[in-house]
Amino acid sequence: MKIVILGFGAVGQGVARVISMKKDYLRSKYGLKPQIVAVCDHSGAAIKEEGLDEKLLLETKTEKGKISLYPSYGAPGVDSLQVLEDVEYDCLVEVTPTDIDDGEPARSHILKAMEDGKDVVTSNKGPLALSFQELGDCAGKNGVELKFEACVGGAMPIINFAHETLAGCNIESIYGILNGTTNYILSRMANEGSSYEQTLQEAQEMGIAETNPYQDVEGIDAACKIVIMANSILNLPVTLKDVDVEGISRITSESIALAKKEGMLIKLIGEASPDALEVSPRLVRQGSPFAVEGTLNVATLKTDLADDVTVVGKGAGSVETASAILSDIVSIWKIRK
Amino acid sequence: MRFNLVLDLQDVPGKLMEALEPMGRLGANIVAVIHQRDIKTERGTVPVQITIEGDKETLDRVMDALESKDIQIMEVDGVLRKEQITTVLVGDIVEKDVQDTVARLNQLEGVRVADLDLKMSDKPENSATKMVMEADFGLKKQILKNIKKLGSEKGFLVINEV
Ligand SMILES: NC(=O)c1ccc[n+]([C@@H]2O[C@H](COP(=O)([O-])OP(=O)(O)OC[C@H]3O[C@@H](n4cnc5c(N)ncnc54)[C@H](OP(=O)(O)O)[C@@H]3O)[C@@H](O)[C@H]2O)c1
């Protein structure tokens, strides 16, 4: 399987790493031989039809910062859409940064690949949160797969879990903690009694919160995931603007202390149900499935046959997120081989 | 032993049969069913009075079965069933806001504010209050919605239960 990776940051590099780590396993277990034929970042591309060397890709990016400096096969300044036009491949792995205004550049990448008849795997929430139905229709029209397990909850299995493992169940609603950064901040505030501002700053120093934490702390990131699950799992044709969003920046240590007296914690909860599409701070019982700490994510699916089913997992991380991308690649391979 | 239950049923065909099914299945004797479709609650549901005969254990099993079907039991032997609802409000809350909020919540039918806690902060906008309410069974969703509206009107952050 010939793969193009667009974006070579934490997740893109994770993908190269897991492909390199799992080569023998993928071949013996599934007969799958993934070949990375092109990789793009801001600097341009590295392109080699017989497959680039994963270790050399990682080394080049870490040491030189630019993928276009890949020995002999670097292509400085070549733009990603050009790569999709010129290179022969089967599957696009779209892992450029999430944009929630127009979904670009990922939206154009994904549409171009699908219109060219290629399968797509992505961790990029932007295009899906803004125009899920359009992308789904495009995939259907062109007879290609569009897979996005990594978009929701990183390594925590949820999309494919709902569709495959819970096949036959009607899923009525979904509740979850879908953002690791905010869960870390709220857990720390509950354990240390510290203020929001101080805890956010600590999280930034530890690299858990970004320098610009807006999308995480104001609930936008979680809202994107709620939209993706509402569309994919509940068949609700909604977009980001349909979600009521309230983040955690108004949570105080006083409010957490009051909740604790009642045996409760405050968590940022996303809800997709026939009653509501919202992200907001909510009270959860200590000891309940939602009382997870640190950067963990959790989601509960309310089903008709299986009652409540809850999954917990790592919502972010390079190799962790790449594991979800790899599982999507394997399921595409099973369809295509 | 005889027990009187009042169930809160949606006025759609089949609902009464659905409610009676676990009673027969679990071995409770159905003595009487009073189903007056012309008396409706504010929510458009119909209260149905059912008298069953059996031991206490059978009653408990019947109640579990009804609840797992999302059928609300409003009354058991003339006693209204209650559930607890907790909420936390954050913002520049002063005594007067609390009194006002409590008064408005107490006005809602079937709701009573049972406990109240206020935590003031040096920064006024960081203050918080916690309210624990007791409400008739089945009102939870409606009450949470009301609290959200009340709080937003006053510019408070409302933190409701999941
Ligand atoms: N990190 C996680 O744990 C995680 C988890 C779940 C989902 N995601 C999602 O996965 C995606 C990637 O995340 P990340 O953490 O890997 O981001 P990142 O570290 O910021 O990496 C983004 C990469 O995209 C490249 N890029 C940006 N614009 C490009 C363009 N127009 N053409 C080609 N390449 C371009 C960047 O190039 P340069 O290196 O040259 O700047 C960089 O290599 C995001 O959409 C994110 O929301 C991430």
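Worth a mention:
- Just one of the listed residues (A:66, A:61, A:125) is of a type in the set (D, E, K, R) and under 20 Å from residue A:329 (Cα atoms), and it is A:125.
- If the condition is being basic (Lys, Arg) and surrounded by fewer than 16 Cβ atoms within 10 Å (Cβ to Cβ), then segment A:291-337 contributes A:334, A:336, A:337.
- Note on segment A:1-21: residues that are surrounded by 18 or more Cβ atoms within 10 Å (Cβ to Cβ) and in a loop (DSSP other than H, G, I, E, B) total 3.
- Residue count for segment A:269-288, restricted to those that are over 17 Å from residue A:250 (Cβ atoms) and not small (Gly, Ala, Ser): 7
- The residue of segment A:262-300 that is nearest to the chain's Cα centre (by Cα), among those that are modelled with pLDDT under 95 and within 8 Å of chain B (Cβ to nearest Cβ), is A:275.
- Only residues that are in contact with a strand residue (DSSP E or B) (Cβ under 9 Å, 6 or more places away or on another chain) and within 14 Å of chain B (Cβ to nearest Cβ) were counted in segment A:227-252, giving 8.
- Residue identified as part of a loop (DSSP other than H, G, I, E, B) and of a type in the set (A, V, I, L, M, F, W, C) among B:39, B:50, B:30: B:39
- Hey, residue B:94 modelled with pLDDT under 90 and either outside the structural domain of residue B:48 (by TED's automatic domain parsing) or surrounded by 14 or more Cβ atoms within 10 Å (Cβ to Cβ) (or both) or not: yes
- Check on residue A:287, away from the ligand (no atom under 16 Å from the Cβ), outside any helix (DSSP H, G or I) and in the same structural domain as residue A:180 (by TED's automatic domain parsing): yes
- Restricting segment B:64-88 to residues that are without any contact (Cβ under 8 Å) to a residue 24 or more places away in the chain and over 13 Å from the mean Cα position of the chain (by Cα), the residue that is surrounded by the most Cβ atoms within 10 Å (Cβ to Cβ): B:64
Residues checked against (1) surrounded by 22 or more Cβ atoms within 10 Å (Cβ to Cβ); (2) acidic (Asp, Glu):
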site	(1), (2)
A:172	no, yes
A:175	yes, no
A:183	yes, no
A:191	no, no
A:197	no, yes
A:206	no, no
A:211	no, no
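- Within segment A:128-221, helices (runs of 4 or more DSSP H) holding 3 or more residues that are at negative phi and in contact with a Gly (Cβ under 7 Å, 6 or more places away or on another chain): A:180-192
- Test: residue in segment A:103-126 that is at pLDDT 95 or above, surrounded by fewer than 24 Cβ atoms within 10 Å (Cβ to Cβ), more than 13 Å from the ligand (Cβ to nearest atom) and within 21 Å of residue A:230 (Cα to Cα): no
The values are calculated or read from the model by the stated rules, or taken from the named source; none is laboratory data. Just so it is clear, the model here is predicted, and its values are computed rather than measured. So basically every Cβ, Gly included, is an ideal-geometry build from the backbone, and we count neighbours across all protein chains shown.
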